[in-house]
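Undergrad: Next up is a structure, given as structure tokens.
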Amino acid sequence: MRLIGPPYGVLAHELGHHVDVLRSTTVDRYRGNFSADLRRQASEPKLTNYCPDDGEWFAEMFRLFVTNPDLLRGLRPRTYAALIERGFCPVFCSDDWRTRLAGAPARTIDINERRTSGVGS
Ligand SMILES: [Zn+2]
């Protein structure tokens, strides 16, 4: 699934790794215990096929939190709530996820319509 294209999405993903390291009390290379704790609390499936570990799981969730928070709230509500609970604030608070995906291919909109309605999540 293509959530949002590079380079903006890539930068948001990499920022997620940085946030993970900054918020962690223990760090192993590029991932810390923050991402593992948040994943355990949220207990939601991965967003994309790129998810070899907790650090990448978090980076992908963080990417969507930055680029389209309303879509993350629809697709992974417990992850969204866990980020808010930890003091994160979305940049695009008032945008409906469809607004953030303006100009995206119709199939991207269709996929997310199905996923946010609980079909194919
Ligand atoms: Zn990564």
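Undergrad: Residue pairs, Cβ under 8 Å, 6 or more apart or interchain, first in the stretch 59-70 and within 15 Å of the ligand (Cβ to nearest atom), second among the acidic types (Asp, Glu). List them.
TA: Between residues of the stretch 59-70 that are within 15 Å of the ligand (Cβ to nearest atom) and residues that are among the acidic types (Asp, Glu), the close pairs are ALA59/GLU14; ALA59/ASP20; PHE62/ASP20.
Undergrad: In this structure, does LEU71 turn out to be assigned to a helix (DSSP H, G or I), open to solvent by less than 30 Å² (accessible area, probe 1.4 Å) and within 15 Å of GLY9 (Cα to Cα)?
TA: Working: assigned to a helix (DSSP H, G or I): yes; open to solvent by less than 30 Å² (accessible area, probe 1.4 Å): yes; within 15 Å of GLY9 (Cα to Cα): yes.
Answer is yes for this residue.
Undergrad: Starting from residues that are open to solvent by less than 60 Å² (accessible area, probe 1.4 Å) and assigned to a helix (DSSP H, G or I), keep the ones in the stretch 74-87 and report whichever is nearest to LEU22 (Cα to Cα).
TA: So the residue we want is LEU83.
Undergrad: Quick one: which of GLY9, GLY16, GLY55, GLY103 is free of Cβ contacts under 8 Å to residues at least 24 places away in the same chain and among the small types (Gly, Ala, Ser)? Quick ask: steps written out before the conclusion?
TA: Details: GLY9 fails: free of Cβ contacts under 8 Å to residues at least 24 places away in the same chain; GLY16 fails: free of Cβ contacts under 8 Å to residues at least 24 places away in the same chain; GLY55 fails: free of Cβ contacts under 8 Å to residues at least 24 places away in the same chain.
Selected residue: GLY103, the only one of GLY9, GLY16, GLY55, GLY103 that is free of Cβ contacts under 8 Å to residues at least 24 places away in the same chain and among the small types (Gly, Ala, Ser).
Undergrad: Also, I was wondering about something else. Looking at this structure, is VAL66 at negative phi and at pLDDT below 90? Let's see the steps before the verdict.
TA: Details: at negative phi: yes; at pLDDT below 90: no.
No, not satisfied.
Undergrad: Which condition breaks for PRO90 when tested against (1) within 23 Å of SER24 (Cα to Cα); (2) more than 16 Å from the ligand (Cβ to nearest atom); (3) open to solvent by 40 Å² or more (accessible area, probe 1.4 Å); (4) part of a loop (DSSP other than H, G, I, E, B)?
TA: All conditions are met except number (3).
Undergrad: If you don't mind, there's one more thing I want to ask. Does the stretch 41-56 include one or more residues that are buried (at least 22 other Cβ atoms within 10 Å of the Cβ), within 14 Å of the chain's Cα centre (by Cα), of a type in the set (A, V, I, L, M, F, W, C) and in a helix (DSSP H, G or I)?
TA: At the first step, the residues of the stretch 41-56 found to be buried (at least 22 other Cβ atoms within 10 Å of the Cβ) are 55.
Okay, now just the ones that are also within 14 Å of the chain's Cα centre (by Cα), so 55.
The next check asks that each one be of a type in the set (A, V, I, L, M, F, W, C); those that pass are none.
Taking every residue of the stretch 41-56 in turn, none turns out to be buried (at least 22 other Cβ atoms within 10 Å of the Cβ), within 14 Å of the chain's Cα centre (by Cα), of a type in the set (A, V, I, L, M, F, W, C) and in a helix (DSSP H, G or I).
The values are calculated or read from the model by the stated rules, or taken from the named source; none is laboratory data. Just so you know, these numbers come straight off a predicted model, no measurement behind them. Glycine gets a Cβ as well: all are built from the backbone with ideal geometry, and neighbour counts include every protein chain shown. Heavy atoms of the whole protein, side chains included, go into the accessibility calculation; ligands, DNA and RNA do not. Shrake-Rupley method; radii C 1.70, N 1.55, O 1.52, S 1.80 Å.
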